[in-house]
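Reviewing the structure listed below.
What follows is calculated from the coordinates using simple rules that are stated; it is not laboratory data. What you are looking at is a predicted structure, and each value in this text was computed from that prediction instead of being measured. All Cβ positions, even for glycine, are placed from backbone atoms using ideal geometry, and neighbour counts span all protein chains on display.
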Amino acid sequence: MMSNPATTSAATPACVSVVVIGRNEGDRLRRCLLSVQAMAPGGFQVEVIYVDSGSTDASVALAESLGARAIALHPEHPTAALGRNAGWCAARGEVVLFLDGDTEVDPHFVRDALHHFADPAVAVVWGHRREKQPITSVYDRALDLDWVYPPGPAPFCGGDALFRRDVLSAMDGFDATLVAGEEPELCGRILAAGFIVLHIDHAMTLHVLGIRSFGQYWKRATRAGHAYAEVAARFAGTPGGLWSADLRRNRVRAGMLCGAGLLGLCGSVAARSAWPLAAAAGLLGLLAARTGWKARWKSPDRVTLLLYGLHSQVQQLPIAWGQVQFLLNRRRGRRAGVFEYKRPA
């Protein structure tokens, strides 16, 4: 059983373990590990562990050549949670920094973030993840703003974050049966135990989405919808019900978009005019502009905000489809496969 947050040790850790997970990341992994090597000193030792999930490239050899201890997994159903669990279980640091292999850590993040653990109630600390080259595609440019959250106590974190190792142990780590959404699910259990997940106003990582096609975009959002539905099912009936309200909103919005599009199409066919369909497209534009306006605190760039607003509406469709996939898989007693939207580097 986990000790009360008020009694957890708040001493500066003697060692920070950096756990990097990856699969066919290629040069992205090299940049990630080099960024770890470039971290500013902070009076603590650093150990680096790379966990590979069945890569077909030379990722394991690359990691070892850069001084990381490599763990190669070959699971039948690979998940990010399996990799993270293998990493922290092998770690010796009191604090564990999780990184995805397609990220680069800010050199000062760990040093500047550790003092937040002086509060024994703080179990997780994370900062700002942003896209490294957001203007390379309209998808990356819009999705970059998805990473922007206000600082303060948070309901969950993403894949890059600092965790107390004793809390990871007490919670039995990440749920390896989840194909995605393992970090919010673990954070839900951590919060239920009385701890704090803290988002700080500090650069943390640069990320490479690398989405260049609508197919990649659709698959990523479908994965998100599946994760939302699966995690929400785990917390059904609990106070707050993580993501339950978000899923209901998604179903309403997806239904409205489908309904408006169908009415516009039928109206154009019946009237032999493009105006009904144009009106439906205009409604989508107005909703996108409204969302972009409300998100103006995230960016001063109007084009980026408009793209973000459009993404926020369009993504409702694949997210809803991801929900449907989860429900169908659960009814059939099946597990979803890996949603790989990213091309090998």
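See the values below:
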item	result
Diffusion constant of the stretch 125-265 at 25 °C, which comes from Stokes-Einstein with the Kirkwood Cα-pair radius and 0.890 mPa s, µm²/s	145 µm²/s
Nearest-ten-degree value, helix 182-192 long axis tilted from longest Cα axis of the chain	70 degrees
Rounded tilt (10° steps) of 27-37 against the dominant C-alpha axis of the chain	40 degrees
Helical mean residue ellipticity (222 nm; -39500 (n - 2.57) per DSSP H run of 4+; nearest 500) of the chain	-14500 deg cm²/dmol
Convex hull (Cα only) mean projected area of the chain, reported in nm² to one decimal	18.6 nm²
Neighbour-count order for Arg253, Arg335, fewest beta carbons within 10 angstrom listed first	Arg335, Arg253
Spin-label model distance (nm) - Val303 vs Arg290, 7 Å beyond Cα toward Cβ	2.6 nm
Among Phe195, His116, Thr12 the positive-end extreme of the charge dipole of the stretch 5-212 (Cβ point charges)	Thr12
HN-Hα J in Hz across the stretch 142-151 - Karplus 6.51, -1.76, 1.60, θ = phi - 60°, x for Gly and Pro	6, 5, 4, 6, 5, 7, 8, 10, x, x
Value in Å of the Kirkwood radius, where the stretch 202-263 supplies the Cα pairs that are averaged	14.1 Å
Cα extents of the stretch 254-322 along the three principal axes, largest first (Å)	43, 28, 13
Relative exposure of Trp126, Trp275, judged by other C-beta atoms within 10 Å (fewest first)	Trp275, Trp126
Exposure proxy order (Cβ contacts within 10 Å, fewest to most) of Glu64, Glu47, Glu131	Glu64, Glu47, Glu131
Rg ratio (alpha-carbon, reference 2.2 N^0.38 Å) - the stretch 214-345	1.22
Taking the chain and dividing mean pair separation by its residue count, relative contact order in percent (alpha carbons under 8 Å, at least six apart)	18 percent
Relative contact order, percent, the stretch 1-156 [alpha-carbon distance under 8 Å, six or more residues apart]	30 percent
Global form of the stretch 150-217, assessed from the alpha-carbon gyration tensor, a/c cut-off 1.5	oblate
In degrees, nearest ten, helix 244-271 long axis to first principal axis of the chain (Cα)	30 degrees
